[in-house]
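A.B. asks: Encoded as structure tokens, here's the structure I'll be asking about.
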Amino acid sequence: MEGETAAAEFSRIVRRDDLAETPVSREFAATDSECAALARRFGLVRIERFAVAADLVPLGGGRRFRLRVTFQVDVVQSCVVTLDPISARVEDTITQEVVFAEAPAAGTPDREVDVELDDEPEIVYGDAFDLGEFAAQQLSLALEPYPRKPGAAFSGYSDAAGATGPFAALGKLKESLSKKGSP
């Protein structure tokens with residue numbers, strides 16, 4: 001619905017007011033229902049465990065922080081060839097600068113992002129940052145996009161002259177039509 005945002009499946013909010021001038025560490029894990037919701041979101045068979053450790057270190061001024069998130073996730077994905085379930089452990093550590101900023105005024109043009117920079121800061125409008133959603137987004141980037149069971153190989157299509165199947169039949173039809181249209 002317009003103007004509304006869906007609640008994050010794995011929300012762990014940290015407020016800027018709770019962040020003093022000393023580093024803050026948080027460790028948390030997804031509940032069974034959060035794992036199930038994230039698995040649906042990412043098209044996984046299931047998430048068995050999602051554990052996160054986060055450290056926020058103030059960089060001065062009460063608005064800038066260095067965030068370091070480490071996660072370990074046990075997932076089950078479907079093999080792209082056989083559709084059999086494949087278990088995997090996904091581990092990653094991300095370091096990111098987080099900057100709390102005032103929300104831009106209505107009609108203000110979007111800020112430009114320099115795509116050449118590897119460490120563009122995460123801009124947070126308001127006074128709350130969702131560590132869980134940040135970790136979930138990083139998981140989505142770390143997942144194997146085309147998981148394949150060891151030894152699984154796709155067979156059934158070949159570019160060879162004796163190929164069979166619907167695409168081979170279309171190829172033969174294309175050849176015969178192009179021969180008829182040649183002067």
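A.B. asks: Yes or no: region 100-114 includes at least one residue that is modelled with pLDDT under 95, surrounded by 14 or more Cβ atoms within 10 Å (Cβ to Cβ) and over 19 Å from the mean Cα position of the chain (by Cα).
C.D. replies: Step one: of region 100-114, the residues modelled with pLDDT under 95 are 100-114.
If we keep only those that are surrounded by 14 or more Cβ atoms within 10 Å (Cβ to Cβ) as well, we get 100.
Filter once more, keeping what is over 19 Å from the mean Cα position of the chain (by Cα): 100.
Checked region 100-114: at least one residue is modelled with pLDDT under 95, surrounded by 14 or more Cβ atoms within 10 Å (Cβ to Cβ) and over 19 Å from the mean Cα position of the chain (by Cα).
A.B. asks: Further, regarding this structure: From the residues in region 40-65 that are of a type in the set (Phe, Trp, Tyr) and in contact with a strand residue (DSSP E or B) (Cβ under 8 Å, 6 or more places away or on another chain), which one is farthest from CYS79 (Cα to Cα)? Break it down stepwise before answering.
C.D. replies: Going residue by residue through region 40-65, those that are of a type in the set (Phe, Trp, Tyr) are 42, 50, 65.
Imposing the further condition that a residue be in contact with a strand residue (DSSP E or B) (Cβ under 8 Å, 6 or more places away or on another chain) reduces the set to 50, 65.
Working: PHE50: 21, PHE65: 39 Å.
Of everything passing the filter in region 40-65, PHE65 is farthest from CYS79 (Cα to Cα).
A.B. asks: Restricting to region 67-90, give me the number of residues that are loosely packed, with under 15 Cβ neighbours inside 10 Å and free of Cβ contacts under 8 Å to residues at least 40 places away in the same chain.
C.D. replies: 4
A.B. asks: Still on this structure, I have one more. Considering region 25-65 alone, what residues qualify as being more than 15 Å from VAL90 (Cα to Cα), of a type in the set (Gly, Ala, Ser) and in contact (Cβ under 8 Å) with a residue 24 or more places away in the chain? Let's see the steps before the verdict.
C.D. replies: Taking region 25-65 as the starting set, the residues that turn out to be more than 15 Å from VAL90 (Cα to Cα) are 25-28, 31-34, 36-37, 40-41, 43, 54-65.
When the remaining residues are screened for being of a type in the set (Gly, Ala, Ser), the result is 25, 33, 36-37, 43, 54, 60-62.
Matches in region 25-65: SER25, ALA37, ALA54, GLY62.
The values are calculated or read from the model by the stated rules, or taken from the named source; none is laboratory data. Note that the structure is a prediction, hence the values are computed from the model and not measured. Neighbour counts are summed over all protein chains in view; Cβ atoms, including those assigned to glycine, are modelled from backbone coordinates with ideal geometry.
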